[in-house]
Amino acid sequence: MKDETKVVHGHRGPKMERLDVRTVNPAIQRGSTYLYDSVQHMQEVRTTAAELGIQSYGISGGDLTLHWQEAFCALENGFRGVAVNSGLLACTLPLLSLLDTGEHLLMVDSVYEPVRTFCNKFLPRLGISVTYYDPLSTLDELDALTTDKTRVIYLETPGSVTFEMQDIPAIAAWAQDRGLRTIIDNTWATGMYFKPLDHGIDISTHAATKYMCGHSDVIAGAIVCNEATAPLVEATRTQMGLAIPPDEAYQGLRGLRTMAVRLPVHWQNGLKLAHYLSGREEVTNVLHPAMEQDPGHAIWSRDFKGASGLFSVVLRSDISWAQMNAFLDSLKLYGLGYSWGGFESLCVLQDPTPFRTVSQWPRPGIGNGYVLRFHAGLEDADDLIADIEQAFHALHKV
Ligand SMILES: Cc1ncc(COP(=O)(O)O)c(C=O)c1O
């Protein structure tokens, strides 16, 4: 079955008992407590629930949560999906699940910054050490950073501010040879455009907040696990008492239904903006792996089926703070905000420098002007370009 069909079908609503008809969508079930018909029924349910990695109590969510988990898991050919309360938790829960005291993590230097903070502040309290690696590291360089305590390597491809592409199949094979587990933040590509588990990755994580929910009105996370890692992630979720409210699970499933038709518009709009911006004299570099001149383009076109609408540009280094402010403040169709993946366009100043510890930023040849990150929404691309054009006029008036 094609992905477009997978995300639309399955998991219909329950029968309405009195009318004997089915609703298209599953019902939102609110409940802390499941009621059983008998002691025998209770015992049977407990056994089945344990096999499914859930609890016989409302904390695992009702059918709706299970349906959403199954749906996003199926899209990436996973073994089990785990829904959580935020994209950040989708990144941190697998780390807590796979690492023990005394063990060591290899973390990509371009990682989403709050994950870095978690690694620097929280993991040391558990006696887990972290070494950052350059997203463009060779396998030999990764070897040099690996110790006998290393258990996990974490990837984010492309990095969501600087857009470096990692060679995921090569790193996954390298990690398997050394008995290391692999986790990737796959939010940018979504399961539509990249399927990490097919390339040997153990766990794929998502800020479902972004494209999966798609309307800037939900915070949620989705974790896709293979068979070996699912029991570990599910156990940690249970032991920590993590639950996702039914409304968020509903929004997650609803968003997934239309993700396949929204993404191509984000992709094409993003590329049109990126091409336009690459022709502007105020821009020294466009960081977008779907652009032919991007250093990560060969990997992107080999492994990914598409691109989302998020990319960055580096402004010319003589553009002043006041000019850059005038540009951002003049944009009318782009919100000034940190998130992405919703229906609307956004543009925000980013400074990767303070968050890099082992990889040089700016990279040689990229230019050292301000970095602006664009999210191309679902608006008309020509309108979006016209808005950027008038904002550049404002920049030149300063
Ligand atoms: C790449 C990436 N991963 C994870 C997250 C975390 O998602 P959430 O905001 O749902 O916690 C974000 C949020 O911006 C992100 O950009």
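No lab work stands behind these numbers, since they all come straight from the coordinates. For clarity, every value in this text was computed on a predicted model and none was experimentally measured. As a convention, Cβ positions derive from the backbone with ideal geometry for all residues, glycine included, and neighbour counts pool all protein chains shown.
Based only on other Cβ atoms within 10 Å, what is the fewest-to-most ordering of PHE355, PHE304, PHE79?
PHE79, PHE355, PHE304
How much net charge surrounds GLU389 when only the other residues with a Cβ under 12 Å from the Cβ of GLU389 are counted, with Lys and Arg +1 and Asp and Glu -1?
It works out to a net charge of -2.
How big, in percent, is the set of alpha carbon pairs in segment 1-116 lying more than 16 Å apart?
74
If you wrap segment 348-398's Cα atoms in a convex hull and average its projection over all directions, what's the area in nm²?
5.2
In percent, what relative contact order does segment 1-157 have, based on Cα pairs under 8 Å that are 6 or more apart in sequence?
18
May I ask you to derive the relative contact order of the chain, considering only C-alpha pairs under 8 Å and at least 6 residues apart, and to give it as an integer percent?
17
Taking 26 Å as the cut-off for C-alpha to C-alpha distance, list the pairs among LYS305/LYS332; LYS15/LYS195; LYS210/LYS397; LYS210/LYS305 that go past it.
With Cα atoms farther than 26 Å apart: LYS305/LYS332; LYS15/LYS195; LYS210/LYS397.
So for segment 1-85, averaging the separation of alpha carbon pairs under 8 Å that are six or more residues apart and normalising by length, what relative contact order in percent results?
Relative contact order comes out at 27 percent.
How much length is gained on full extension from THR147 to MET240, taking 0.36 nm per residue of separation minus their Cα-Cα distance?
Extra length from THR147 to MET240 when fully extended: 30.6 nm.
Would you mind counting up the charge near LYS6? Only other residues with Cβ under 12 Å from its Cβ, with Lys and Arg at +1 and Asp and Glu at -1.
Once all neighbours under 12 Å are counted, the net charge is -1.
Among 157-166, 357-366, how do they line up by average Cβ neighbours within 10 Å per residue, starting with the highest?
157-166, 357-366
Just grab the label-to-label distance for HIS393 and ALA170, each label 7 Å out from Cα along the Cβ direction, in nm (one decimal).
Here the modelled spin labels are 4.7 nm apart.
How long are the semi-axes of the equivalent ellipsoid of segment 252-340, defined as square roots of 5 times the Cα gyration tensor eigenvalues? Whole Å, largest first.
Values for segment 252-340, descending: 26, 19, 10 Å.
Net charge within 12 Å of GLU156 by Cβ-Cβ distance, Lys/Arg positive one each and Asp/Glu negative one each, not counting GLU156 itself?
Here the count lands on -3.
Using only Cα atoms, what is the ratio of the radius of gyration of segment 260-397 to 2.2 N^0.38 Å?
Cα Rg divided by the expected 2.2 N^0.38 Å: 1.02.
Size of the dipole of the chain about the Cα centre, Lys and Arg at +1 and Asp and Glu at -1 on the beta carbon, nothing else charged, in debye to 20?
The dipole of the chain has a size of about 660 debye.
Measure nothing fancy, just the Cα-based angle from helix 39-52's long axis to the longest principal axis of the chain, in degrees from 0 to 90, nearest 10.
Tilt of helix 39-52: around 30 degrees.
Roughly how compact is the chain, stated as its Cα Rg over 2.2 N^0.38 Å to two decimals?
Its radius of gyration relative to the 2.2 N^0.38 Å reference: 1.03.
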